[in-house]
Amino acid sequence: MEPFAVLEGIAAPLDLSNVDTDQILPARYLRRPRKEGYQTFLFRDRRFREDGAEIPEFVLNQAPFRKARILVADRNFGGGSSREQAPWGLTDYGIRCVIAADFGDIFYFNSLKSGLLPVQLDIAACVALRSQLHTEPGATLRVDLPNQAVTGPDGATYPFKIDAFRKRCLLEGLDDIGLTLRHDSAITAFEQAYRRRFEWLFDYRR
């Protein structure tokens, strides 16, 4: 997982509330292998018509926001069914941070495990940031994880909270597998000792 420290990039305003995981990554794509990349499936039914043509009104199809690294949403982003593919779609597209007034609980924790930083700010801050992004299309935000602060285009700073353990994992680029592998030598030593102690369990000739 790519470490996350300070992100400064183009931010896109998503003026929608209750954007559930099926809107973020429609269920019909869930069986596709990750190696194919999930960026083309992100917001598929909002970004594209049935014939594959872009829907120009959708924010990520507009020139100033095509290379967005940050998404500023409204309320209840990522509610609905559990699927780790939803944050995969965002990160594969290039978005590393989503700012919203609140998040679906499972989406929130799946995001942290996938290298996507979900930042919860109060609704007034989200509205103010989106207003600035509409006024200055292509403007950037700065998301400072070590200092837990978001800086808007106007220089205003918004502090946010994050669990200390999850913060460390993001800073060090550790997903669940990476955390486990940090104990690789201890795991190996235990397995070797266990096999010596209970060698009869591994006698496949029995």
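The values are calculated or read from the model by the stated rules, or taken from the named source; none is laboratory data. Source: prediction; values computed, not measured. Every residue, glycine as well, gets a Cβ built from its backbone with ideal geometry; the counts of neighbours run over all protein chains shown. These area figures cover heavy atoms from the full protein model, side chains too; ligands, DNA and RNA do not enter into them. Shrake-Rupley method; radii C 1.70, N 1.55, O 1.52, S 1.80 Å.
Of note:
- Per residue solvent-accessible surface (Å²) - the chain, probe of 1.4 Å: 55
- For the pair residue 172 and residue 40, a Förster radius of 30 Å applied to the C-beta separation gives a FRET efficiency near 0.50, rounded to the nearest 0.05.
- The accessible surface of the chain, taken with every protein chain in place and a 1.4 Å probe, is 50 percent carbon and sulfur.
- For the range 131-187, the set of trypsin sites (Lys or Arg not before Pro) satisfying both a DSSP loop assignment and a count of at most 14 other C-beta atoms within 10 Å is given as 161, 182.
- With a simple spin-label model that places each label point 7 Å from the Cα along the Cα-to-Cβ direction, the separation between residue 180 and residue 58 comes to 3.4 nm.
- In this simple spin-label model, placing a label point 7 Å from the Cα along the Cα-to-Cβ direction at both residue 22 and residue 105 gives a separation of 2.1 nm.
- Cross-link partners of residue 113 among aspartates and glutamates (Cα-Cα below 17 Å; sequence separation of 8 or more within a chain): 2, 84, 92, 105, 163, 172, 175, 176
- Here Rg/Rh (Cα atoms, Kirkwood Rh) was calculated from the structure, and among (i) 1.10; (ii) 1.03; (iii) 0.94 it sits at label (i).
- Modelled spin-label separation between residue 196 and residue 47, with each label point placed 7 Å from Cα along the Cα-to-Cβ direction: 5.4 nm.
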